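The values are calculated or read from the model by the stated rules, or taken from the named source; none is laboratory data. No experiment lies behind these values; they were computed from the predicted model shown. Cβ: placed from backbone, ideal geometry, glycine included. Neighbour counts: every protein chain shown. To get the accessible areas, we keep the full protein, side chains included, count just its heavy atoms, and leave off ligands, DNA and RNA. Shrake-Rupley method; radii C 1.70, N 1.55, O 1.52, S 1.80 Å.
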Amino acid sequence: MVKRTRIKEVLESTAYGSEVTIKGWVRTFRNNQFIALNDGSTINNIQAVVDFNNTDESLLKRITTGAAVSVTGELVESVGKGQKVEIKATSVEILGDCDPESYPIQPKKHSLEFLRENAHLRFRTNTFGAVFRVRHALAFAVHEFFNQKGFVYMHTPIVTASDAEGAGEMFKVTTLELGNPPRNEEGEIDYKQDFFGKATNLTVSGQLEGELAAMAFGEIYTFGPTFRAENSNTTRHLAEFWMIEPEMAFYDLVDNMNLAEEFIKYVIGYVLKNNREDLEFLAQRLADEEKQKPQNERIELGLIEKLEFVTNNAFERVTYTEAIDILKNSKQNKNKKFQYLIEDWGADLQSEHERYLVEKHFKKPVILTDYPKDIKAFYMRQNEDGKTVRAMDILVPGIGELVGGSQREERLDKLTQRMNEMGIPTEELWWYLDTRRFGACEHAGFGLGFERLVLFTTGMTNIRDVIAFPRTPKNAEF
């Protein structure tokens, strides 16, 4: 069998005169002579030149956009612009035909909405090829970062009986007959007869289980799918998404912030170094998109400049109280330009407020700390003022919140009291409380929505375009 060489390697080669075999999908075929081929290893196509005078006409007709072909030929220096090398084809084999009349992905500009409807084929476009190579690089960098720091990678359960967020927006998991479920004496569904013997859901977070592991290994991280049954159709929400959640024993809030900032800079730096061509393509795509907007709505930095700015500058650290003062006294608020006006301390910040702080006021990523306890989860450590908790959110341009985390409440009495106040049953989370009974220590952690990280890094504007097959309300296609 002839050894196939990836197009990325061929384009980097200078072994002129050598014979190579490439396999890929036809992007374009011009003048019955020039095949542009791509195999997904790079955003760049390679040109194969066919001697059409000595090639069977029936074969030439089958070289259509989308067809899978194998080309063997001599590697030569290219005389055309845009590439250093091309292949002078000696043989062309059709591996898989593609009907040009019915193939949706033609060599022209398609709307992102159209490509979402054809998500099974959109990987073949330059935009989505670049997005998903960047997504891969980010995922690899996540594991590399934590591995270098000695963290242990934990696989926390996808099926769970607990609601880490306490929000109740969870997908139920059951094997009961939906049309006629068994009921107990009170007339309620009898989950004792269900597969797990109790009501279970798809997880919204691996944090609680991650804390258990951190109490033995010191520093762990999870990186897996999470699910939220929130009926939201915004450009920032998915029903199925991936979360990166480290948990660290003996860390306080400052340690937590330092790690999160270092982590974001590391993974973005990895992509800047290893996916330059993809980023340059996405940067140009974003710049072209920005030209269509009014001048006052355009972003100030290009994509690559934005990513380099984030990696090269310290994040601004501000308390929630300071942020509320800034927002309350802003022209945006005074002129009633915010959809949700800031009037009192204790308000839950919306995306528009977060983006104002990042994009207009500080013009850099911001870490907000010490939120009111009433708008945060039960597990966050209470400050001595009795009003705030040691929470921290990292806000970035174009997205708003990228990271949410906190120092965890390690004091059993305080944690139990807070759970009772919020109506969270302590008997169901007895195992979580045990970590406070047996060798409790100061600890902290954070969660980072992976798709939001990909969104930020690629410059895409809709979260449905950075996950392969988006799951959203009324949509579970493919």
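Which residues, counting only those in the range 375-417, are part of a helix (DSSP H, G or I), modelled with pLDDT of 95 or more and surrounded by fewer than 21 Cβ atoms within 10 Å (Cβ to Cβ)? Passing the criteria: L412, D413, K414, T416, Q417. Under the condition of being open to solvent by less than 70 Å² (accessible area, probe 1.4 Å) and in a helix (DSSP H, G or I), the residues counted in the range 346-361 number 8. What about I375, is it out of contact with any Lys or Arg (no Cβ under 9 Å at 6 or more places or on another chain) and within 19 Å of L253 (Cα to Cα)? Answer is yes for this residue. When T174 is tested against (1) touching a residue at least 60 places away in the same chain (Cβ under 8 Å); (2) over 30 Å from L75 (Cβ atoms); (3) over 28 Å from the mean Cα position of the chain (by Cα), exactly one condition is not met: (1).
Of everything listed in (1) open to solvent by 40 Å² or more (accessible area, probe 1.4 Å); (2) of a type in the set (F, W, Y); (3) under 18 Å from E144 (Cα atoms), the single unmet condition for F223 is (1). Whenever a residue of the range 430-455 is without any contact (Cβ under 8 Å) to a residue 40 or more places away in the chain and under 20 Å from A161 (Cβ atoms), its partners that are in a helix (DSSP H, G or I) and open to solvent by 20 Å² or more (accessible area, probe 1.4 Å), lying with C-beta atoms within less than 6 angstrom and at least six residues away or across chains, give the pairs R436/L412. Residues that are modelled with pLDDT of 95 or more, in contact with a His (Cβ under 7 Å, 6 or more places away or on another chain) and open to solvent by 90 Å² or more (accessible area, probe 1.4 Å) number at least 1 in none of the strands (runs of 3 or more DSSP E) confined to the range 1-49. Just a yes or no: is a residue in the range 123-138 in a loop (DSSP other than H, G, I, E, B), among the hydrophobic types (A, V, I, L, M, F, W, C) and open to solvent by less than 50 Å² (accessible area, probe 1.4 Å)? No; the residues of the range 123-138 include none that is in a loop (DSSP other than H, G, I, E, B), among the hydrophobic types (A, V, I, L, M, F, W, C) and open to solvent by less than 50 Å² (accessible area, probe 1.4 Å).
So, in the range 50-90, how many residues would count as being hydrophobic (A, V, I, L, M, F, W, C), buried (at least 18 other Cβ atoms within 10 Å of the Cβ) and under 38 Å from the mean Cα position of the chain (by Cα)?
Count: 6.
As a summary of the residue check, W242 satisfies the conditions (1) open to solvent by 60 Å² or more (accessible area, probe 1.4 Å); (2) over 14 Å from the mean Cα position of the chain (by Cα) except for the one numbered (2).
Okay, residues lined up against (1) under 18 Å from I394 (Cα atoms); (2) out of contact with any strand residue (DSSP E or B) (no Cβ under 8 Å at 6 or more places or on another chain):
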residue: D288; (1), (2): no, yes
residue: E305; (1), (2): no, yes
residue: E308; (1), (2): yes, yes
residue: F315; (1), (2): yes, no
residue: K337; (1), (2): no, yes
residue: W345; (1), (2): no, no
residue: H353; (1), (2): yes, yes
residue: F362; (1), (2): yes, no
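For E169, indicate whether it is acidic (D, E) and open to solvent by 20 Å² or more (accessible area, probe 1.4 Å). Yes.
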